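**Student:** Dropping a structure here in structure tokens format, bear with me for questions.
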Amino acid sequence: MRILALFTLSIGTFLSACGGNVNVGEGGGGDPTTTTPTGGAGGTTNSTTTGDAGSTTSSTTTTGTIPPGFCDAACTTFTDGSCFNTAICTDYCEQHAPDWVPSIADAFAKCAATNPLCFESVEGCILGELYPPDALHKVILSGSGFGAQDGKVLRAWHDPEAGAQFGDEVTLAGGQFTFEWTVPFQATDSGGPLLLLYIDMDGDGACKPAVDITHSTFTEWNGDYLSPVFSATLTPPLSDADFVCSFTP
């Protein structure tokens with residue numbers, strides 16, 4: 001649905017909001033661009049690409065692309081049981097629409113009309129409309145302050161029981177490390193893939209809970225709709241997550 005189509009929304013019977021609270025989240029529109037997003041940006045450092053290649057979106061700042069009256073048109077019709085209503089929808093739209101480009105506005109309008117938004121945030125719904133479940137997105141895992149483990153091998157990977165498989169290893173130097181992967185998964189504002197890791201303290205190439213440093217972490221969305229990145233930054237001490245040794249690939 002393109003922008004002009006938003007003004008053809010019929011003025012249906014007003015549906016009252018459900019008793020729950022609308023989950024509008026905290027995500028932002030990110031740096032807007034004139035390119036319609038179809039996938040995540042490519043990796044650059046220690047990168048591993050899984051699945052089909054995705055297109056890269058550029059980011060250029062632009063404002064004022066959403067025509068006057070858009071919010072009124074987008075906030076007229078809601079699905080049965082919706083936790084959205086005209087007042088909530090319009091307030092959210094008027095607050096964020098100045099930072100949107102047409103593809104984001106289209107996604108918002110569809111979310112408002114078809115998604116109850118009782119158990120999913122507006123941001124999460126918009127990401128789901130912008131990207132198919134197998135779209136490629138950048139995942140970054142980095143850390144600093146691990147000088148005491150210099151010379152040890154750190155291995156990191158995605159939970160092997162969920163989604164596309166990816167992982168890598170690095171010998172720690174200068175107490176720092178960075179992994180970047182470009183992989184397919186469903187983008188959501190609640191976070192990206194769960195990452196598991198361990199530092200091989202005895203150098204035997206195996207994960208041992210009683211010997212090695214173990215950890216797990218979720219990645220977080222950067223708030224950018226058009227160039228989403230999901231990242232986590234670690235510093236010691238890491239919380240022991242001995243279960244990760246049961247899921248080494």
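The values are calculated or read from the model by the stated rules, or taken from the named source; none is laboratory data. Small disclaimer: the values here were computed from a predicted structure and weren't measured. All Cβ positions, glycine included, derive from the backbone under ideal geometry; neighbour counts span all protein chains shown.
**Student:** Does Ser227 count as out of contact with any Cys (no Cβ under 9 Å at 6 or more places or on another chain), assigned by TED's automatic domain parsing to the domain that holds Gly145 and outside any strand (DSSP E or B)? Walk me through how you get there before you give the answer.
**Tutor:** On the way: out of contact with any Cys (no Cβ under 9 Å at 6 or more places or on another chain): yes; assigned by TED's automatic domain parsing to the domain that holds Gly145: yes; outside any strand (DSSP E or B): yes.
In short, yes.
**Student:** Report the residue count in the stretch 230-249 for those that are assigned to a loop (DSSP other than H, G, I, E, B) and aliphatic (A, V, I, L, M). Outline the logic, then answer.
**Tutor:** We begin by selecting, within the stretch 230-249, every residue assigned to a loop (DSSP other than H, G, I, E, B); these are 235-241, 248-249.
The next check asks that each one be aliphatic (A, V, I, L, M); those that pass are 238, 241.
Result for the stretch 230-249: 2.
**Student:** Just a yes or no: is a residue in the stretch 132-141 buried (at least 16 other Cβ atoms within 10 Å of the Cβ), more than 30 Å from Ser239 (Cα to Cα) and in contact (Cβ under 8 Å) with a residue 60 or more places away in the chain? Give the steps one after another, and end with the answer.
**Tutor:** Here is the first cut: in the stretch 132-141, the residues buried (at least 16 other Cβ atoms within 10 Å of the Cβ) are 135-141.
Remaining after also requiring more than 30 Å from Ser239 (Cα to Cα): 135.
Still in the list and also in contact (Cβ under 8 Å) with a residue 60 or more places away in the chain: 135.
Within the stretch 132-141 (the criterion being buried (at least 16 other Cβ atoms within 10 Å of the Cβ), more than 30 Å from Ser239 (Cα to Cα) and in contact (Cβ under 8 Å) with a residue 60 or more places away in the chain), the answer is yes, since at least one residue qualifies.
**Student:** Limited to the stretch 227-249, what total is found for residues that are under 15 Å from Pro193 (Cα atoms) and surrounded by 14 or more Cβ atoms within 10 Å (Cβ to Cβ)?
**Tutor:** Start the filter on the stretch 227-249 by keeping residues that are under 15 Å from Pro193 (Cα atoms), which leaves 228-233, 244, 247.
Keeping just the survivors that are surrounded by 14 or more Cβ atoms within 10 Å (Cβ to Cβ) gives 228-232, 244, 247.
So the answer is 7.
**Student:** Only one residue in Asp159, Asp189, Asp212, Asp224 is buried (at least 18 other Cβ atoms within 10 Å of the Cβ) and either at pLDDT below 95 or more than 17 Å from the chain's Cα centre (by Cα) (or both), so which one is that? Spell out how you get there, then give the answer.
**Tutor:** Numbers: Asp159 fails: buried (at least 18 other Cβ atoms within 10 Å of the Cβ); Asp189 fails: either at pLDDT below 95 or more than 17 Å from the chain's Cα centre (by Cα) (or both); Asp224 fails: either at pLDDT below 95 or more than 17 Å from the chain's Cα centre (by Cα) (or both).
Only one candidate passes the filter, namely Asp212.
**Student:** Give me the pairs: first residue in the stretch 79-105 and of a type in the set (Ser, Thr, Tyr), second residue not in a loop (DSSP other than H, G, I, E, B), beta-carbon distance under 8 Å, and six or more apart or on different chains, which are they?
**Tutor:** Thr79/Ala113; Thr79/Thr114; Thr90/Cys71; Thr90/Asp72; Tyr92/Val122; Ser103/Leu130
**Student:** If I filter the stretch 169-176 for residues that are over 22 Å from Ala241 (Cβ atoms), surrounded by 14 or more Cβ atoms within 10 Å (Cβ to Cβ) and not acidic (Asp, Glu), do I get at least one hit?
**Tutor:** From the stretch 169-176, those over 22 Å from Ala241 (Cβ atoms) are 173-174; that's our starting set.
Keeping just the survivors that are surrounded by 14 or more Cβ atoms within 10 Å (Cβ to Cβ) gives none.
Scanning the stretch 169-176, I find no residue that is over 22 Å from Ala241 (Cβ atoms), surrounded by 14 or more Cβ atoms within 10 Å (Cβ to Cβ) and not acidic (Asp, Glu), so the answer is no.
**Student:** Take Cys93 and decide whether it is within 20 Å of Leu130 (Cα to Cα) and crowded, with 20+ Cβ neighbours inside 10 Å. Reasoning before the result, please.
**Tutor:** Details: within 20 Å of Leu130 (Cα to Cα): yes; crowded, with 20+ Cβ neighbours inside 10 Å: yes.
Judged against the criteria, Cys93 is a match.
**Student:** Looking at the stretch 191-216, I want the residues that are touching a residue at least 24 places away in the same chain (Cβ under 8 Å) and over 9 Å from Val244 (Cα atoms) and have a partner that is among the β-branched types (Val, Ile, Thr) and assigned to a loop (DSSP other than H, G, I, E, B) with Cβ atoms under 7 Å, at least 6 apart or on another chain. Which pairs are those?
**Tutor:** If the second residue must be among the β-branched types (Val, Ile, Thr) and assigned to a loop (DSSP other than H, G, I, E, B), the pairs left are Gly191/Thr219; Gly192/Thr219; Pro193/Thr219; Leu195/Thr219; Met201/Val211.
**Student:** Can you pull out the strands (runs of 3 or more DSSP E) entirely within the stretch 138-194 that have at least 1 residues that are of a type in the set (Ser, Thr, Tyr) and in the same structural domain as Pro237 (by TED's automatic domain parsing)?
**Tutor:** Fully inside the stretch 138-194 and qualifying: 167-171, 177-184.
Residue by residue, here is whether (1) part of a helix (DSSP H, G or I); (2) within 26 Å of Gly192 (Cα to Cα) holds:
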{"position": "Ala73", "(1), (2)": "yes, no"}
{"position": "Thr79", "(1), (2)": "no, no"}
{"position": "Cys89", "(1), (2)": "yes, no"}
{"position": "Pro98", "(1), (2)": "yes, no"}
{"position": "Lys110", "(1), (2)": "yes, yes"}
{"position": "Cys118", "(1), (2)": "no, yes"}
